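Please treat every number below as a calculation from the coordinates, not as lab data. These numbers come from a predicted model, not from an experiment. FYI the Cβ positions are ideal-geometry reconstructions off the backbone, even for glycines, and counts take in every protein chain you see.
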Amino acid sequence: MAGIVVASANGNVGIEASIDVLRAGGSAVDAIVAGIACVEANPDDHSVGYSGLPNLLGEVELDASIMEGSGLRAGSVGALHGHQDAIALAKRVMDTLPHVLIVGAGADRLASEVGLPETDLLTPEATAIWKQRFVDFGTREAYYTRIADIVGTAMSDPQKVEDLHGTVNFIARDDQGTIACGVSTSGWAWKYPGRLGDSPIIGAGNYADNRWGAAACTGRGEMAQRCCTSHSVVTFMRFGMSIEEAVRQAMIDLRSLDDPYRSEMNIIALDRDGKPSAASSALDKTYIYMTTEMNAFVEEGRIPVPYDGV
């Protein structure tokens, strides 16, 4: 059985590392960690890990989750400070604790206890982007009291939406047929301190079940939380939909949300037979995949499912 890795387009810096793990006989979980770690270390990606855009107070807070489809094991961390390796810490939660989700000071403490290196996540470039938004909107105090209005204004500007949120998704299937899924993000730029999106929430931003497949999301996490989007994709496949039908239906379900801050949402998925697919509310969005038999990854268009479509 050939191994396969599926990722959001920004996973291009890590997909070969992920495939190398599978080629060496490693597990899907280890492949996920290897691939996402490369993205977390990439200073050019302001939506994940090192150089992520900070929250309202100028602090970078990281969220991550990982799930293994063979036994539905999962681990997540949220609002992690001062440590770059959020996906590795999520795996530690899954492997060593009787919990699924550890956040804030608890996540920081666990990272120190297990020996993950401390990292100053805030780079000068990310700081400059953060400060520019306060030039646009006034003082930090004004932002603090007008966060809903400001987010609404940002949502009307496509460029600012790109700055607001981003995430990396990886799904892998190893040569034993085990499927795993991982997500890592720095969340919304200028988010309220302690905000958690869908990325650390199993069933919202990430879900894997060997019996049916896996899915993961990027975009405005509050939407995926309310629709349990990743779990929905897997459930739709469970009840007989093709992978293409499943990701499309999950996107259609998002249309029912009463949400004045509705913005772009994206899904990647892999079915139990190793077939990938992806969908987006935006046009011209892509995802990538690679098998252990391929020499390079392939970039494919996502199925467009606009909110005002049919």
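Which one, Leu122, Leu72, Leu254, has the greatest fluctuation when you compute a Gaussian network model over the chain with C-alpha springs under 10 angstrom? Per the Cα network of the chain with a 10 Å cutoff, Leu72 tops the list. Sorting Lys275, Lys91, Lys285 by the number of Cβ atoms found within 10 Å of their own Cβ, with the fewest placed first, yields Lys275, Lys285, Lys91. Evaluated with a Cβ-only charge set (Lys, Arg +1; Asp, Glu -1), the chain carries a dipole of roughly 640 debye about its Cα centre, given to the nearest 20. Taking amide H as placed 1.01 Å from N in the peptide plane, the amide H of Leu257 sits under 5 Å from none that are at least 5 places away or on another chain. The Rg/Rh ratio of the stretch 239-310, with Rg taken over Cα atoms and Rh as the Kirkwood radius over Cα pairs, comes to 1.03. Annotation note: GluC sites (Glu not before Pro) in the stretch 255-310 located in DSSP loop regions with a Cβ neighbour count of at most 10 within 10 Å are Glu293.
Close amide H partners of Leu101, meaning residues 5 or more places away or on another chain with modelled amide H under 5 Å apart, are Ser76.
GNM remark for the chain: springs join alpha carbons under 10 Å apart, and the peak mean-square fluctuation among Val29, Val77, Val114 falls on Val114. In the elastic network of the chain, a GNM with C-alpha springs shorter than 10 Å, the most mobile of Pro193, Pro124, Pro43 is Pro124.
As a proxy for reagent exposure, ranking Met94, Met290, Met251 by other Cβ atoms within 10 Å from fewest up yields Met94, Met290, Met251. The residues Phe297, Phe239, Phe170, when put in order of fewest to most other Cβ atoms within 10 Å, stand as Phe239, Phe297, Phe170. The HN-Hα couplings worked out from phi for the stretch 31-41 by the Karplus form 6.51 cos²θ - 1.76 cosθ + 1.60 (θ = phi - 60°) are 5, 4, 4, 4, x, 5, 4, 5, 6, 4, 8 Hz, whole numbers, x standing for Gly and Pro. Here the stretch 4-304 is treated as a sphere whose radius is the Kirkwood value from Cα pairs; by Stokes-Einstein at 25 °C and 0.890 mPa s it diffuses with a coefficient of 131 µm²/s.
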